[in-house]
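The values are calculated or read from the model by the stated rules, or taken from the named source; none is laboratory data. What you see is a predicted model; the values in this text were computed from it and never measured. Virtual Cβ from ideal backbone geometry, glycine too; neighbours counted across all protein chains shown. The accessibility values were calculated without ligands, DNA or RNA, using every heavy atom of the protein model including side chains. Shrake-Rupley method; radii C 1.70, N 1.55, O 1.52, S 1.80 Å.
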Amino acid sequence: MQITLTATPAPLCSGCDTSPLTFVRGWHITSTSAEFGGLSSLHATRVRRLLAISDSGYWFEFGDGSDGVAPAFASIFELRDEAGISLVGTGDRGGDDYMADAEGLAVHPTGAPLWVSFERQHRIWEYDVVGGNATALGVEVDNALAAACAHDSNSGIESLVAWNATHLLAMCEAGEDEAATTLAAMLLHTETGAITNFRYPYAGFSSPLPVDLARVDGVGVLVLERTYEAGVGNTIRLLLLPEAQLDDGTETLAPHLIHEFTPDVETLDNFEGLAARVEGETIRLFMVSDDNFNVNQKTLLYEFELPVAAIALAPPSAPPSAPPPPPSPPSPPSAPSPPSAPPSVPPSPSPPPVALETGAIVGISVGSVVAALLCLALLMRVARDHKIAKAKKDPRKKKKQTKVVEVTALGKTDEKV
C-alpha cells in the first residue's frame, strides 16, 4: 500500500555547534494516513531510500530527501508472524500481550534477510523480504533476550544491527535494575543462536539510553542514545563503538562520544532511529523521531554529514605499539677534500710516538691544529739548540752528551741532559 506524505523544512537550530557533524537539512513529516507514525528504527539503502519500522506493526519505505526533494510517498507493509498473520492490532498496545511493538531493525550486508526485534514479547524475528512471513530464531534466543532485558517488558532489544554476515549486535534499552551500572549487549549468531555477552555503560533509566545502531564498515558501530526529562527536554547523543572492542572480546564496551545535543536545542524530539550511508570520505547520517502518536510530538527526519576521518581516528581502547623504524640506508662515500681545506673530522686516537733526528721523543696528534703548531715550535727549538751546542763543542773532549727535550701540556719545554 502507498500513502501520501507531507514534508516541510525543519531547521535544527541557528548557529549552534554540531561539530564534527554538519547539519544538512531537516523535514517535518506528516500524513493523513492513520498508520503513519511511531517510527522506531531506520536503515539507509544505496538508492536514496530509507526503510523504517514502527511500534504499531508496520514497515515503511520512503525517499530520504538527500537530493533536496521532500519525501512525498511511503510504501507500507504489515509486519507478520510465522503463519503470515498481521501483527497490527494484536493485544493491548500498552500491555505485555502486545505483539506489534517492533523496536530494532537490522539488514544483512547483501540486503536480505532482515531482522526485527520486539519489546513486550521479547524476541527477534527474521524476514526474507519486507512484508513477508517471519521466521523465529528460537525459544532459547527469546528466553536469553528476556533474561538479559529484565528491567521491564518495555525495555527490550531497542537497538539492533547486522555486525557481519552471520552475527547481530543487540542491546537492551536499560539495565536489569536501577542499581545497574551497565546494561546487556550481545553478539548473536543468526544460524546457531550462540551468544557472546558484553556490557554497555549505563547510568540509570533517566540517563541517555541506546535506541538504535548503524554499522560503518572498517570503523565500527554508531550508537544513538536519547533521554527525556519533563520540563527540561530531550538529550540526544551520538557515539562510536570501535570495531576493535567487539573483535577482541572487550567485556565492558567503551563508546566514544561524537556529539551531544542538549535540551537547549528546542527543535529536538524523541529521536529513536539512526541510519548511515558511506559516500566516499563522508558518512551521510539520518535520524528520525518517534512521535508516539502524540499530537505534542513530531516525526522529524534530520540529515547530517560526518567525515569518516572524524571517527576513524577516534582513540582505540589500547593504542598499538609503534613499529621500529626501518634501517637507514648506507651513506655514500665522501668525496676527497681539496688539500687547501682538510675535512673536519671527529678527533681520532693519537698515532704512535715518532722519533726525531735528535733522539727526542714527542707525541703528535695529526688531527689537531694545536698539536701541529707545537711540533713546529719544537723543531725550531731543537734546531737552535743543536746549532748552539755545535758552536760550543770542544774538539779535545770525546764525551758525548744527549739532550732530551720534553713538551709539557701547555706547550713549554723542559731540557734534561
Which of the GluC sites (Glu not before Pro) across region 201-310 are loop residues per DSSP, with 12 or fewer other Cβ within 10 Å?
Glu251, Glu266, Glu281
Semi-axis lengths, Å, region 168-254, gyration tensor of Cα atoms, sqrt of 5 times eigenvalues:
24, 15, 11
Averaged per residue, what accessible surface does region 23-65 expose to a 1.4 Å probe, in Å²?
34 Å²
Note to self: C-alpha centroids of region 129-184 and region 193-234 sit apart, in Å, by 13 Å
When N counts the residues of region 230-293, how does its alpha-carbon radius of gyration compare numerically with 2.2 N^0.38 Å, as a ratio?
1.39
Å² of accessible area per residue within region 147-202, as computed with a 1.4 Å probe and no ligands counted
34 Å²
Any idea what diffusion coefficient region 1-76 gets from Stokes-Einstein, in µm²/s, Kirkwood Rh on alpha carbon pairs, 37 °C, 0.692 mPa s?
244 µm²/s
Within 10 Å, count the other beta carbons around each residue, average over each peptide in 15-25, 74-84, and list them highest first.
74-84, 15-25
Between region 264-278 and region 54-106, what is the C-alpha centre distance in whole Å?
19 Å
